[in-house]
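Worksheet for the structure shown next.
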Amino acid sequence: MSAPPRIVLFDLDGTVIDSTALIRESHRHAVRTVLGTELADDVLVANVGIPLIEQMKLFDPERAEDLMAAYQEWNHRMTPELLREYEGISALLADLRAGGRSLGIVTSKAGPVVELAWSVLPLAQHFDVVVSSEATDRHKPHPDPVRHALIEHGGRPDEAVLVGDSPFDLRAGRAAGLTTIAVTWGFFPRPVLERERPDMIVDTVPELRAALGLS
Ligand SMILES: [Mg+2]
């Protein structure tokens with residue numbers, strides 16, 4: 001990246017908000033109560049980043065609706081207790097905005113669940129655009145939600161960067177023509193992200209600040 005990007009698009013879960021424990025335990029609860037199965041942590045979260053119903057179909061296509069209902073009931077009830085903010089993210093967002101950047105969220109989450117997250121962690125005021133799962137028919141790793149966010153920002157791919165913690169984010173961002181930055185503090189370990197060959201990989205919020213042209 002030569003100049004700092006004018007538009008910064010963020011994935012939500014595992015990138016801006018620390019929902020790792022909440023989502024992993026919601027999956028565990030759903031799989032345990034509906035299927036009577038215990039799965040390893042990395043299996044439970046292997047497909048976080050695609051729409052929830054698609055993740056449930058991968059556990060059991062016949063029981064996906066029941067799994068989703070069990071997940072959602074537990075997840076919504078436990079959100080206030082388990083949802084966390086990553087240290088330094090709120091300041092990063094505020095500083096980007098103060099520097100005249102335009103910020104967006106591109107998430108596979110449904111709008112009401114995004115609102116639930118904002119009710120626990122008040123970060124919504126930092127974002128000019130929020131693209132949730134209702135906005136497009138196709139979802140990450142397809143580039144459509146990223147393109148939709150760019151259209152809402154009135155921006156071009158070469159003015160924008162996508163920051164995300166999953167292979168799905170990085171593929172969607174690249175396919176839309178954006179610079180991609182992988183963060184390693186979310187759901188996916190560094191080797192998985194390295195395989196996607198993002199433009200940059202950062203391990204800490206200070207590293208992300210530097211990558212986005214902040215001190
Ligand atoms: Mg994510």
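The values are calculated or read from the model by the stated rules, or taken from the named source; none is laboratory data. Note that the coordinates shown come from a computational prediction; the quantities given were computed from them, not determined experimentally. With ideal geometry, Cβ positions are generated from the backbone for all residues, glycine too; neighbour counts draw on all protein chains shown. All accessible areas refer to the heavy atoms of the entire protein, side chains included, with ligands and DNA or RNA removed. Shrake-Rupley method; radii C 1.70, N 1.55, O 1.52, S 1.80 Å.
If you put +1 on each Lys and Arg Cβ and -1 on each Asp and Glu Cβ, how big is the dipole of the chain around its Cα centre, in Debye rounded to 20?
Details: 21 positive and 32 negative charges, 88 e Å.
The dipole of the chain has a size of about 420 debye.
Of the options 168, 146, 157, report the single residue whose Cα projects farthest towards the positive end of the charge dipole of the stretch 132-215 (beta-carbon charges: Lys, Arg +1; Asp, Glu -1).
Toward the positive end, the furthest listed residue is 168.
How far apart, in nm, are the 7 Å Cα→Cβ label points at residue 81 and residue 66?
2.4 nm
Over the chain, with a Gaussian network built from C-alpha contacts below 10 Å, which listed residue (106, 163, 129) shows the highest mean-square fluctuation?
Result for the chain, Cα springs under 10 Å: 129 fluctuates most.
Considering only C-alpha atoms, what is the centroid distance from the stretch 124-178 to the stretch 7-71, in Å?
Measuring centre to centre over Cα atoms gives 21 Å.
If you take the charge dipole of the chain about its Cα centre, with +1 on Lys and Arg Cβ and -1 on Asp and Glu Cβ, which of 214, 191, 15 is farthest toward its positive end?
About the Cα centre, the residue reaching furthest to the positive side is 214.
Could you calculate the contour length gain from residue 204 to residue 32, that is, 0.36 nm times the residue separation minus the distance between their Cα atoms, to one decimal place in nm? Kindly include the intermediate steps, with their values, before the conclusion.
Numbers: separation 172, 0.36 × 172 = 61.92 nm, distance 3.36 nm.
Taking 0.36 nm per residue and subtracting the Cα distance, the gain is 58.6 nm.
Please turn the phi angles of the stretch 140-145 into ³J(HN,Hα) values with the Karplus equation 6.51 cos²θ - 1.76 cosθ + 1.60 (θ = phi - 60°), one per residue in order, whole Hz, x for glycine and proline.
3, x, 5, x, 3, x
For the chain, modelled as a GNM with alpha-carbon contacts under 10 angstrom, which of 17, 151, 50 fluctuates the most?
Of 17, 151, 50, the most mobile in the Gaussian network model is 151.
Quick one: go through the stretch 201-215 and flag any residue whose amide nitrogen is under 20 Å from the point 7 Å out along the Cα-to-Cβ line of residue 91.
Hits in the stretch 201-215 for residue 91 at 20 Å: 202-215.
Compute the relative contact order of the stretch 86-205 as a whole-number percentage, counting only Cα pairs closer than 8 Å that sit 6 or more residues apart in sequence.
Details: 186 pairs, mean separation 23.0, N = 120.
RCO, the stretch 86-205: 19 percent.
Which percent of the accessible area of the stretch 20-82 is formed by carbon and sulfur heavy atoms (probe 1.4 angstrom)?
On the way: 1650 of 3200 Å².
With neighbouring chains kept in place, the figure for the stretch 20-82 is 52 percent.
Only four residue types carry charge here, +1 at the Cβ of Lys and Arg and -1 at the Cβ of Asp and Glu. Report the dipole size of the stretch 1-105 about the Cα centre in Debye, rounded to the nearest 20.
Values: 10 positive and 17 negative charges, 84 e Å.
Magnitude of the dipole: close to 400 debye.
Please tell me the relative contact order of the chain in percent, rounded to the nearest whole number, where contacts are Cα pairs under 8 Å and at least six residues apart.
Numbers: 369 pairs, mean separation 53.1, N = 215.
Once normalised by length, the contact order is 25 percent.
Looking at the chain only, what percent of DSSP beta bridges run antiparallel? Nearest 5 please. List each step's numbers first, then the result.
On the way: 2 of 22 bridges.
Of the beta bridges lying entirely in the chain, close to 10 percent run antiparallel.
Dipole magnitude of the stretch 20-82 about its Cα centre, charges +1 at Lys/Arg Cβ and -1 at Asp/Glu Cβ only, in debye to the nearest 20?
Computed about the Cα centre, the dipole is about 80 debye.
Please sort by residue number the GluC sites (Glu not before Pro) in the stretch 160-215 whose DSSP state is loop and whose Cβ has at most 11 other Cβ atoms within 10 Å. Could the numbers behind the result be given before it?
On the way: sites: 194, 196, 207; in loops: 196.
For GluC sites (Glu not before Pro) across the stretch 160-215 that sit outside H, G, I, E and B with at most 11 neighbouring Cβ atoms in 10 Å, the list is empty.
Counting other Cβ atoms within 10 Å, which trypsin sites (Lys or Arg not before Pro) in the stretch 151-215 have at most 12 and lie in a DSSP loop? Intermediate values should be presented prior to the final figure.
Numbers: sites: 171, 174, 195, 209; in loops: 195.
Hits after loop and neighbour filter: 195.
Can you compute 3J(HN,Hα) from phi for each residue in the stretch 32-43, using the Karplus curve 6.51 cos²θ - 1.76 cosθ + 1.60 with θ = phi - 60°, rounded to whole Hz and x for Gly and Pro?
5, 7, 8, 9, x, 10, 10, 10, 5, 3, 5, 6
Could you work out the helix-only [θ] at 222 nm for the chain, with each DSSP H run of four or more residues adding -39,500 (n - 2.57) and the total divided by the number of residues, to the nearest 500 deg cm²/dmol? Write out the running numbers ahead of the final one.
Working: 10 runs with 93 residues, N = 215.
Rounded to the nearest 500, the figure is -12500 deg cm²/dmol.
Tell me, what is the percent relative contact order of the stretch 20-82, built from C-alpha pairs under 8 Å that lie six or more residues apart?
Working: 51 pairs, mean separation 27.3, N = 63.
Across the stretch 20-82, relative contact order equals 43 percent.
Identify which of 40, 94, 175 has the largest mean-square fluctuation in a Gaussian network model of the chain, with springs joining Cα atoms closer than 10 Å.
Per the Cα network of the chain with a 10 Å cutoff, 40 tops the list.
Rounded to a whole number of µm²/s, how large is the Stokes-Einstein D of the chain at 25 °C and 0.890 mPa s, given Rh as the Kirkwood radius over C-alpha pairs?
Details: Rh = 17.3 Å.
For these conditions, the coefficient is 142 µm²/s.
What residue among 135, 40, 102 has its Cα farthest toward the positive end of the dipole of the stretch 1-146, where the charges are +1 on Lys, Arg and -1 on Asp, Glu, each on the Cβ?
102
So what is the accessible area of the chain per residue, in Å², with the probe set to 1.4 Å? Please report the intermediate quantities before stating the final value.
Values: 9520 Å² over 215 residues.
For the chain, the solvent-accessible area averages 44 Å² per residue.
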